[in-house]
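The values are calculated or read from the model by the stated rules, or taken from the named source; none is laboratory data. Since the model is a prediction, treat every value here as computed from it, not as a measurement. Cβ: placed from backbone, ideal geometry, glycine included. Neighbour counts: every protein chain shown. Only protein heavy atoms, including side chains, enter the accessible area calculation; ligands, DNA and RNA are left aside. Shrake-Rupley method; radii C 1.70, N 1.55, O 1.52, S 1.80 Å.
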Amino acid sequence: MKWLSIFKYLKIGYGENIALADNLTQRVSFDNNVDADRVRVRFTNRYSKNELRIAKATITKEGASKISSITLDGKEEIKLGPDEVVFSDEVDYKISAGDRLVISIYYKDRQEMDSICCFWSDGGAEVNYYEGDVTGADENSLGASKGTLPEITSDILRDDANIGMMKIFSGFDIVQALADDDTKVIAAFGDSITHMSFYTNALQKRLYKAYPGKLSLINCGIGGNRLVDDATYVKAAGKQLVLFGKAGVDRFEEDVFGIDEVDTVLTLIGINDIMHPLFLEDKEETTSGEDIVNGYKKIAALAHDNGAEIYFGTITPCGNDEYPDWWLPKFEASRNKANEWIRSGELIDGFFDFDKELRNDNKPGYMKDDCNIGDGLHPNTEGGRRMADLVDIKAIVG
């Protein structure tokens, strides 16, 4: 038997308070594909300067009457200091593939949030907030949801064009189950295209339908993340956007293998290395294709060193008519060089040509209009479905 993650999103630090919850229950539901009798939750206050105070936490299944408390050292009330991370007590709670699990956390007192977990896509996991303590309520007696966001207090998020799609949660980042040793873990590693979950949700549905009880898919994406360099310094704002995280080559091993024995890694990263220098840093040149390829080689070696197979996705287009004309040729020179290496299959176990599937062949460097959220960069539900359908699930499961 081994502990493995059945739900995971990375904690993102913002470096300032961005939201708050006061007398609210945060309810996160997600699809499970593992059979187990014991579960545990990783409470996290990583990247935070504030104390985390959880009055009560519970686990249940949609449609079930049994609701179990999640405790820490036998206590319902949970307090974590800044940057503290700890697993809960083990919970005797039987789960089966196909169950929809629910983790509820009650914030009794005002909780300032400066680090969060989040995703954007509907249909996989869901987040809802409810007034008061409803950690012991089933879905038929919850009352009206107050939405998928706590109260937003920062202009960083208020000004985000995608804020309407975001689902924000805090207090925990991982749910694990004690499962059979042959249960596999597949990790999706990347930037916002992975993090937003349009692609991974569609892939999860395919995998869980084809392999019930046999595997788990976890998300290791960070929006804005770059492969070669740390979080971008934005000249116009006069600060580094720390929410974009450490360079992918530096965070890869910890974020993918730090908790789980991962069998397969699906990697899609590099577009921010290409865009950010021109788009946010006001530079005249962007990251070279050669530097991106060198980064790819490093994480491929790390995956193999950890006993995992690694598959890459080609970098999708990012053309936008609002950009200066001279940007796109520089974008494309680096992107095509990186994709050329991926398609060669050198040092990797396989690849999926997301670029070929989503690109607009009548407008080089652009994504198909019906496949992105409107910014030319981020695949939408349709784009995510097409990406997921390209993945050879027999190959990645082995």
Would you tally the residues in segment 1-31 being open to solvent by less than 10 Å² (accessible area, probe 1.4 Å) and part of a loop (DSSP other than H, G, I, E, B)?
1
In segment 330-353, the residues that are farther than 22 Å from Cys371 by Cα, open to solvent by 60 Å² or more (accessible area, probe 1.4 Å) and not charged (D, E, K, R)
Ala333, Ser344, Leu347
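Which residue, of Gly136, Gly238, is open to solvent by 40 Å² or more (accessible area, probe 1.4 Å) and without any contact (Cβ under 8 Å) to a residue 40 or more places away in the chain?
Details: Gly136 fails: without any contact (Cβ under 8 Å) to a residue 40 or more places away in the chain.
Answer to the check: Gly238.
Looking at this structure, is Ser88 touching a Phe, Trp or Tyr at 6+ places or on another chain (Cβ under 7 Å), among the hydroxyl-bearing types (Ser, Thr, Tyr), surrounded by fewer than 23 Cβ atoms within 10 Å (Cβ to Cβ) and modelled with pLDDT of 95 or more? Even if it seems obvious, please write down each step before you answer.
Details: touching a Phe, Trp or Tyr at 6+ places or on another chain (Cβ under 7 Å): yes; among the hydroxyl-bearing types (Ser, Thr, Tyr): yes; surrounded by fewer than 23 Cβ atoms within 10 Å (Cβ to Cβ): yes; modelled with pLDDT of 95 or more: yes.
It is true that Ser88 is touching a Phe, Trp or Tyr at 6+ places or on another chain (Cβ under 7 Å), among the hydroxyl-bearing types (Ser, Thr, Tyr), surrounded by fewer than 23 Cβ atoms within 10 Å (Cβ to Cβ) and modelled with pLDDT of 95 or more.
Residues checked against (1) among the aromatic types (Phe, Trp, Tyr); (2) open to solvent by 10 Å² or more (accessible area, probe 1.4 Å):
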{"residue": "Val228", "(1), (2)": "no, yes"}
{"residue": "Phe244", "(1), (2)": "yes, yes"}
{"residue": "Leu280", "(1), (2)": "no, yes"}
{"residue": "Glu284", "(1), (2)": "no, yes"}
{"residue": "Val293", "(1), (2)": "no, yes"}
{"residue": "Ile299", "(1), (2)": "no, no"}
{"residue": "Asn320", "(1), (2)": "no, yes"}
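Matching residues to (1) touching a Leu at 6+ places or on another chain (Cβ under 8 Å); (2) within 30 Å of Met1 (Cβ to Cβ); (3) among the β-branched types (Val, Ile, Thr); (4) part of a loop (DSSP other than H, G, I, E, B):
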site	(1), (2), (3), (4)
Phe189	yes, yes, no, no
Asn219	yes, yes, no, no
Leu243	no, no, no, no
Val265	no, yes, yes, no
Asp273	yes, no, no, no
Ile292	yes, no, yes, no
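Evaluate the following for Tyr233: is it among the aromatic types (Phe, Trp, Tyr) and open to solvent by 50 Å² or more (accessible area, probe 1.4 Å)? Give the derivation first.
On the way: among the aromatic types (Phe, Trp, Tyr): yes; open to solvent by 50 Å² or more (accessible area, probe 1.4 Å): yes.
Spelling it out, Tyr233 is indeed among the aromatic types (Phe, Trp, Tyr) and open to solvent by 50 Å² or more (accessible area, probe 1.4 Å).
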Could you list all residues from segment 61-81 that are more than 20 Å from Ser5 (Cα to Cα) and open to solvent by less than 80 Å² (accessible area, probe 1.4 Å)?
Gly63, Ala64, Ile67, Gly74, Ile78, Leu80, Gly81
The residue from Ala395, Ala388 that alone is surrounded by 14 or more Cβ atoms within 10 Å (Cβ to Cβ) and part of a helix (DSSP H, G or I) is Ala388
Kindly establish whether Val256 is open to solvent by less than 30 Å² (accessible area, probe 1.4 Å), of a type outside the set (D, E, K, R) and part of a helix (DSSP H, G or I).
yes
Would you list the strands (runs of 3 or more DSSP E) that sit entirely within segment 75-148 and hold 3 or more residues that are closer than 25 Å to Asn219 by Cβ and under 23 Å from the mean Cα position of the chain (by Cα)?
85-87, 100-107, 115-119, 126-131
When restricted to Thr148, Thr200, Thr183, the only residue at negative phi and modelled with pLDDT under 95 is Thr148
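How about segment 119-133: which of its residues are more than 26 Å from Asn380 (Cβ to Cβ) and either surrounded by fewer than 19 Cβ atoms within 10 Å (Cβ to Cβ) or touching a helix residue (DSSP H, G or I) at 6+ places or on another chain (Cβ under 6 Å) (or both)?
Glu131, Gly132, Asp133
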Asp375 fails exactly one of (1) of a type outside the set (Phe, Trp, Tyr); (2) surrounded by fewer than 17 Cβ atoms within 10 Å (Cβ to Cβ); (3) more than 22 Å from Gly223 (Cα to Cα); (4) under 21 Å from the mean Cα position of the chain (by Cα), namely (3)
